[in-house]
Structure formats: C-alpha cells, structure tokens
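Undergrad: Sharing a structure below in structure tokens format, with a few things to ask.
Every number here is computed from the coordinates shown, using simple stated rules; none is lab data. The structure displayed is predicted, hence computed values, not measured ones. Because the Cβ atoms are built from the backbone with ideal geometry, glycine has one as well, and the counts that use them run over all protein chains shown.
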Amino acid sequence: MALIRKLPIAPNFNFIGKRMAMLAFAACLFSASLLLFATVGLNFGVDFRGGILIEVRTNGPANLSDMRSRLGALGLGAVTLQEFGAADEVLINLQRQEGEESAQGAAVQAVKEALGSRVTEYRRTEFVGPKVGGELKVAGALATVLAILGIALYVWFRFEWPFAVAALVALIHDVVAMIGFFALTQLEFDLSTLAAVLTVAGYSINDTVVIFDRVREALRKYKKMPILELLNMSINQTLTRTILTSSTTLLAVLALAIFGGAVIRGFSTSLIWGILVGTYSSFGLAVPLLTFMNLRRAGIGDEEKGEKRPSKAKTSAKTT
C-alpha cells in the first residue's frame with residue numbers, strides 16, 4: 001500500500017518525445033514475430049492438426065526416452081511425448097492413422113500394449129480428424145479477424161477514424177506479437193491458446209480506449225495546446241491507472257501459471273506476454289500513431305472558450 005500511495009497521479013515522462021524509438025521497437029517486434037511465424041511456424045495442437053491425444057499416468061516418474069522408443073517402434077508415424085504437470089503425467093500425441101475410427105482405436109490399443117504396466121491410468125483419449133482440424137484453423141483465423149475488425153468499428157463509432165486506425169494497428173501488432181511468442185516458445189497452439197489471443201486483444205483495447213478518452217477530453221478542453229504536448233499529457237494522466245491495472249491482472253495470471261497446472265499453462269503463460277505487449281502498445285504505439293493523424297479540435301463536442309493548462313509542478317507533486 002505504501003508503494004502504491006507513492007505513485008504520482010500524473011507524472012511527467014516525455015513519452016511522445018521518444019515516439020520514434022517506441023514505434024521502431026514495436027516495428028521490430030512485429031517483424032520478428034512475422035519472421036518466426038514464417039520460418040519456425042506454430043506447434044499446432046491436436047485441435048488444429050488432427051490426430052490422437054492420450055493423457056496417461058505412469059507408475060512412478062515417467063521415463064520419456066524409453067516410452068518414446070517403444071512407441072516409435074510401433075510404426076504409427078510421428079509421436080511426441082511431454083510431461084504434463086507432474087513427473088508421472090505424460091501427454092502422448094500421435095499422428096492420425098489412415099482409415100476410419102477403427103484404425104484410430106487400433107493405434108490406441110497398440111500404444112496400451114507397448115506401454116504395458118508402465119502406465120497405471122489412461123486419463124483421456126481424444127480423436128480429431130484432419131478435416132475438423134482444418135475447419136477449426138479457418139474458423140479460428142476468421143474469429144480473430146472479425147474480433148479485430150469489430151473492435152476497430154467500435155472505436156470508430158465511439159471516437160473518430162484516426163483513433164480507429166491507430167487502435168486497429170495496435171491490435172494487429174498485439175495479435176502478431178502473440179503469434180510470434182508461440183512460434184518462439186513452441187507452446188502448443190490450440191483452441192484454449194487462441195482464446196488467450198482474443199483475450200489479450202480485448203484487454204489491450206480497454207487500455208487504449210481509456211487513454212483515447214483522455215485525449216478526446218483534452219482536445220475539447222485545451223484548444224491551443226500543441227498536439228504533441230496534449231498527447232504526452234494524456235498518457236501521463238492515465239499512466240498510474242495503467243500500471244496498477246496491469247500489475248493486478250499480472251498477479252492473477254501469474255498465480256494461474258504457477259499453480260494452475262499444465263492444462264492451462266500455455267494459456268496463462270501467453271496471457272502474461274500478451275498483457276505486457278498490450279499495455280506497451282496502448283501508450284507506445286496507439287497514441288504515438290495519433291501524431292501522424294489530423295486530429296480535429298473544432299466541433300468535437302465541447303464549446304468551452306476558456307483554457308487553463310494543468311500545472312506540471314502540481315500534478316507531478318500529487319500522489320494517490
């Protein structure tokens with residue numbers, strides 16, 4: 001609490017003065033993410049690529065190398081194994097076998113016979129066909145695009161087109177940065193992690209809209225203030241709120257990542273990265289982009305004639 005109370009209500013950092021550096025950083029992150037996606041690619045889960053997913057519990061700590069050699073000798077194609085939380089829990093991925101459902105069942109039976117008494121419990125078995133996986137890929141991509149466009153339309157309706165363009169660019173940046181994170185870490189990309197991408201898009205636009213609201217209010221109130229100074233003031237006035245909101249959200253997501261188990265580890269880990277990227281893009285990308293837009297002052301809805309600039313000395317001295 002003492003640390004929170006020491007945070008200034010409106011600090012006076014020169015964000016807009018460093019806008020080119022912040023935009024360059026965002027551009028590098030965007031480009032690196034695209035490059036990773038194009039060269040490394042995503043580690044698609046069974047939801048998207050189709051196949052057989054088996055979660056097992058072994059008799060004591062799992063010997064992955066022994067299990068891998070036994071399953072590899074079955075001639076079932078690509079087989080991947082990974083610890084799934086505890087040392088005695090293993091997730092087995094098999095490529096889909098040629099044939100109908102009976103062929104998939106035969107593959108599962110072969111796995112059970114090969115592992116024998118080493119496995120004490122088969123916790124779940126899932127089958128996903130390649131057609132279903134392909135349809136889910138298309139549906140997931142479509143859902144992401146429609147969500148981004150819908151958010152941009154909302155910002156356009158609530159503000160004006162320059163704000164919508166800046167918000168759209170920031171959202172695309174956040175989504176691509178998330179994709180790059182999955183390509184770099186090779187975390188399994190499935191429906192739950194796609195939900196994390198959409199969650200980050202919503203979280204990021206929330207931060208952006210708060211700052212845009214302050215920009216719009218300042219445009220109404222300070223008719224003669226230079227645009228660069230006005231944008232910098234708006235970021236600073238909302239900075240404490242942004243830091244506190246992101247910090248409390250990160251604490252909750254960190255708890256999920258540490259104690260939530262392997263089932264949601266990909267979801268929670270990607271959310272941590274997404275919150276950091278989304279917070280940065282709100283003040284480091286979306287607002288600096290407004291400096292290249294022709295922001296209107298007249299007719300924006302407030303007809304106040306007087307203008308009184310906030311005192312930098314007073315605002316920087318205030319504390320929450």
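Undergrad: What nm distance separates the two modelled labels at R57 and L251, each placed 7 Å from Cα along Cα→Cβ?
TA: Taking the simple label geometry, R57 and L251 are separated by 3.4 nm.
Undergrad: Give me the extension gain from S192 to L244: residue separation times 0.36 nm, minus the current Cα-Cα distance, reported in nm with one decimal.
TA: The S192-L244 span can extend by a further 16.1 nm.
Undergrad: On to the next question. How many nm is it between the label spots at A110 and M293, if each spot is 7 Å from the Cα in line with the beta carbon?
TA: 5.8
Undergrad: If packing is taken as the average number of other Cβ atoms within 10 Å across a peptide's residues, how do 59-68, 284-293, 79-88 rank, most packed first?
TA: The most tightly packed comes first, giving 284-293, 79-88, 59-68.
Undergrad: Once R0 is set to 25 Å, what does the formula 1/(1 + (r/R0)^6) return for the Cβ-Cβ distance between E98 and E126, expressed as a FRET efficiency to the nearest 0.05?
TA: 0.85
Undergrad: Which residue, chosen from T199, A152, F84, occupies the Cα position most advanced towards the positive end of the dipole of the range 84-226, where the dipole is computed from +1 (Lys, Arg) and -1 (Asp, Glu) charges on Cβ about the Cα centre?
TA: Checked the options; the winner is A152.
Undergrad: Next up: Quick check on packing: order 138-146, 218-226 by the mean number of other C-beta atoms within 10 Å, highest mean leading.
TA: Result, highest mean first: 218-226, 138-146.
Undergrad: Also: So for each of 234-243, 200-209 I average, over its residues, the number of other beta carbons within 10 Å; can you give me the resulting order with the highest mean first?
TA: Order by mean packing, descending: 200-209, 234-243.
Undergrad: Another question, if that's okay. By how many nm would the segment from F25 to A87 grow when fully extended, if each residue of separation counts as 0.36 nm and the alpha-carbon distance is taken off?
TA: That works out to 18.4 nm of additional length.
Undergrad: Also: How large is ³J(HN,Hα) for each residue in the range 186-199, as worked out from phi by the Karplus curve 6.51 cos²θ - 1.76 cosθ + 1.60 (θ = phi - 60°), to whole Hz, x for Gly and Pro?
TA: After applying 6.51 cos²θ - 1.76 cosθ + 1.60, I find 6, 5, 5, 9, 10, 5, 5, 6, 5, 4, 5, 4, 5, 4 Hz.
Undergrad: Shifting gears a bit: For a quick check: with amide H placed at 1.01 Å from N, whose amide H comes under 5 Å from R123's, ignoring anything fewer than 5 positions away on the same chain?
TA: Correct list: E55, V56, R57.
Undergrad: Assign unit charges at the C-beta atoms only (+1 for Lys and Arg, -1 for Asp and Glu), then state the dipole size of the range 51-128 relative to its Cα centre in Debye, rounded to the nearest 20.
TA: Roughly 160 debye for the range 51-128.
Undergrad: Using R₀ = 30 Å, calculate the FRET efficiency as 1/(1 + (r/R₀)^6) where r is the Cβ-Cβ separation of L64 and L184; round to 0.05.
TA: 0.85
Undergrad: Label the range 51-128 by shape, choosing from rounded, prolate and oblate, from the square roots a ≥ b ≥ c of the eigenvalues of the Cα gyration tensor; if a/c is under 1.5 it is rounded, and otherwise prolate applies when a/b is larger than b/c, oblate when it is not.
TA: Prolate, since a/c reaches 1.5 and a/b exceeds b/c.
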